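Asker: Questions regarding the structure given below will be posed in turn.
The values are calculated or read from the model by the stated rules, or taken from the named source; none is laboratory data. Predicted model only: the values in this text are computed from it and were never measured. All Cβ positions, glycine included, derive from the backbone under ideal geometry; neighbour counts span all protein chains shown. When the accessible area is computed, the model is the full protein with side chains, heavy atoms only, and any ligands, DNA or RNA have been set aside. Shrake-Rupley method; radii C 1.70, N 1.55, O 1.52, S 1.80 Å.
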Amino acid sequence: RNDSDTESHFSYTSESFHRAPVARFCAPDASSCGTIVVSIKFYHFAKRLAVRVGEVELSLTEGVVVNPYVKLHLLPEYRRGNRQTTRVKRNTTQYVCDEDFLFGVGSREVGARNLSLQVYDYKSNTRHLCIGRVSVPLEEYSFKDEDKPLSLKQHIIPARETQDCFGSLQVALTVTTESIRLAILRAEGLVPVDMHGSIEPYCRVLVYNGSEMVHKKKTCIAVERTFVWQECFTLDLPEKTLLCDVSVTIEVRDALRNTRSTSYLLLGRVILSNSVASGHGLVQWEHACSKRGTTVTEWQPIQP
């Protein structure tokens, strides 16, 4: 079968989706931040999963207006063809999206896939905030009849504390009275700042003595999806420096964002200090200071 034949046979109309009844409605969840309607149809001969994003209704705090769009991922694979994005709708909390997407997947594999939908708030000059997400395990549904698309109305589960953490960074820290030895090892779960999802991160290390910056270092760019640096810096401290006045800030930045806005480049930061840091950063710093010369390795949450 040639390409023209495939296109003529592999077609679906908006009417076929709109006629589909709502087959399942999730039980109401107190933590829900809205609902989204999704229609799913699988074409066995073309090995394509067709997804239509319908009505999106957000239940947010009164007076809050966002610029929503939806990211679609066909998990577990995370390659480019399995990630797609709807258009951005400006200044609204309720709209009808009506956008269609195609994912290539075999008949034997479709049951093992999970359709993930994430609703984001578009920001023009800073990180796009994740409002919430929906997960649709395809193994729970049968796609034997291609003429009847499956329509689902799902509750949107709020994002993990709505972006209090943008991933984690593994840091090895050694503290003495004369110097600090800092190793940037690897990162996990980094969240891109834009809707396209590509990311090439690097780390910038800033060491302060009080309000004075005494060191500034930078790692190389990590390869996408590995996020491994394994780089070590030995940072000498000025004479008569008190460790209680020293703070180390590790900024995780995206090298792909070549704009003038530094806030757009920044993915997040980790602070190690006795006076400025809190939580995990404070614990690792105090542990390293109490055991002078001993390397303390910890996973640190990357904060906005």
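Asker: Between residue 47 and residue 139, what's the calculated FRET efficiency when r is the beta-carbon distance and R0 is 30 Å? Round to 0.05.
Answerer: After rounding to 0.05, the efficiency reads 0.95.
Asker: Work out how much length residue 287 to residue 177 would gain on full extension: take 0.36 nm times their residue separation and subtract the Cα-Cα distance, in nm to one decimal.
Answerer: Result: 38.2 nm gained on full extension.
Asker: Grab the Cα-Cα distance for residue 90 and residue 209, subtract it from 0.36 nm times how many residues apart they are, and report the gain in nm with one decimal.
Answerer: On the way: separation 119, 0.36 × 119 = 42.84 nm, distance 4.45 nm.
Value of the extension gain: 38.4 nm.
Asker: At what distance in nm do the modelled label points of residue 99 and residue 236 sit from each other, each positioned 7 Å from its Cα along Cα→Cβ?
Answerer: 5.5 nm
Asker: Same structure again: Round to the nearest 0.05 the FRET efficiency obtained for residue 226 and residue 148 when R0 = 35 Å and r is the Cβ-Cβ distance. All intermediate terms of the calculation are to be shown ahead of the outcome.
Answerer: Numbers: r = 43 Å, r/R0 = 1.22.
So, using R0 = 35 Å, E works out to roughly 0.25.
Asker: Could you please put 229, 299 in sequence from largest to smallest accessible area, using a 1.4 Å probe?
Answerer: Ranked from most to least accessible, the order is 299, 229.
Asker: To the nearest 10 Å², what's residue 37's accessible area with a 1.4 Å probe?
Answerer: Approximately 30 Å² for this residue.
Asker: When all protein chains stay in place, what accessible area (Å², nearest 10, 1.4 Å probe) is found for residue 133?
Answerer: For residue 133, solvent-accessible area is about 90 Å².
Asker: Ignoring everything but the protein chains, give the 1.4 Å probe accessible area of residue 92 in square angstrom, nearest 10.
Answerer: Roll a 1.4 Å probe over it and residue 92 shows about 30 Å².
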